[in-house]
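Sending over a structure as structure tokens; questions will come in a sec.
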Amino acid sequence: MIFPIVAYGDPVLVKKAQTVADDYPKLKELVANMFETMYNAEGVGLAAPQIGLSLRIFVIDSTLFDEKEKKNGKSSEPDDENQEPTGLKRAFINPEKIDETGKVWKYEEGCLSIPKITENVSRPDTLHLRYYDEDFNEYVETFTGLTARVIQHEYDHIEGILFLDHLKPLRRQLLKGRLNKISKGNVKVPYRMRFPNAKRRR
Ligand code: ZN
């Protein structure tokens, strides 16, 4: 099932999400639907608040970057020596950041909830994370490069943080008009969205 994606301006996107109980009903179905929603919108990550659920769940598929890079014949990883495909498809339940280390690098991020806006965001290139999968198996893992980047962006979502929050105030100020339009639904998007400030149609 494809969910509508919640647009910028909805309070659910700025709220700290709730821990998922280990007996949460139909968790696997929810995760499958989140992947379906993400692929439908051609995204590489989707967090539960983006479908209106204030829960600490997100899904990612950074293998899509490997394919894009193969096509472009270039790598946007911070370390170009490592040309191995490093992409990962995974669901993260109740993740906890242990540490962020390594070189801080810039990458142009976008967000399915903020269509048509991309901005350079600086983040450390290595992430140490504890999390559960959809069967509630626990993992502690280290992620790097674009995979770490996608996880960091999605992790922010469950903390109520958007990539815009990493920008300098002046840069944000410049985007204000466009963000306002997005919240009203005055933007063309090739996937279904829910706009917080849309005028009701009769
Ligand atoms: Zn996002």
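The values are calculated or read from the model by the stated rules, or taken from the named source; none is laboratory data. Remember, it's a predicted structure, so these values are computed and weren't measured experimentally. Using ideal geometry, Cβ is built from the backbone for each residue, glycine included, and neighbour counts are taken over all protein chains shown. Side chains included, ligands, DNA and RNA excluded: accessible areas come from the protein's heavy atoms. Shrake-Rupley method; radii C 1.70, N 1.55, O 1.52, S 1.80 Å.
Listed residues LEU13, LEU46, LEU53; which is within 17 Å of LEU112 (Cα to Cα) and assigned to a strand (DSSP E or B)?
Of LEU13, LEU46, LEU53, the one residue that is within 17 Å of LEU112 (Cα to Cα) and assigned to a strand (DSSP E or B) is LEU46.
When the residues of segment 124-151 are narrowed to those that are of a type in the set (S, T, N, Q) and over 11 Å from THR101 (Cα atoms), which ends up nearest to the chain's Cα centre (by Cα)?
THR147
Continuing with this model, one more query. Which pairs have Cβ atoms under 6 Å, sit 6 or more apart or on different chains, and link a residue in segment 124-148 that is open to solvent by less than 60 Å² (accessible area, probe 1.4 Å) to one that is among the aromatic types (Phe, Trp, Tyr)?
As it stands, the answer is ASP125/TRP105; LEU127/PHE143; TYR131/PHE92; TYR131/TYR139; LEU146/PHE65, since those pairs meet every condition given.
Can you say whether THR118 is open to solvent by 20 Å² or more (accessible area, probe 1.4 Å) and within 16 Å of the ligand (Cβ to nearest atom), as far as the supplied structure shows?
Considered against the rule, which asks whether it is open to solvent by 20 Å² or more (accessible area, probe 1.4 Å) and within 16 Å of the ligand (Cβ to nearest atom), THR118 comes out as yes.
This table checks each residue for (1) of a type in the set (Lys, Arg); (2) modelled with pLDDT of 95 or more.
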residue: LEU164; (1), (2): no, yes
residue: LEU174; (1), (2): no, yes
residue: LYS181; (1), (2): yes, yes
residue: LYS184; (1), (2): yes, yes
residue: LYS188; (1), (2): yes, yes
residue: MET193; (1), (2): no, yes
residue: ASN197; (1), (2): no, no
residue: ARG201; (1), (2): yes, no
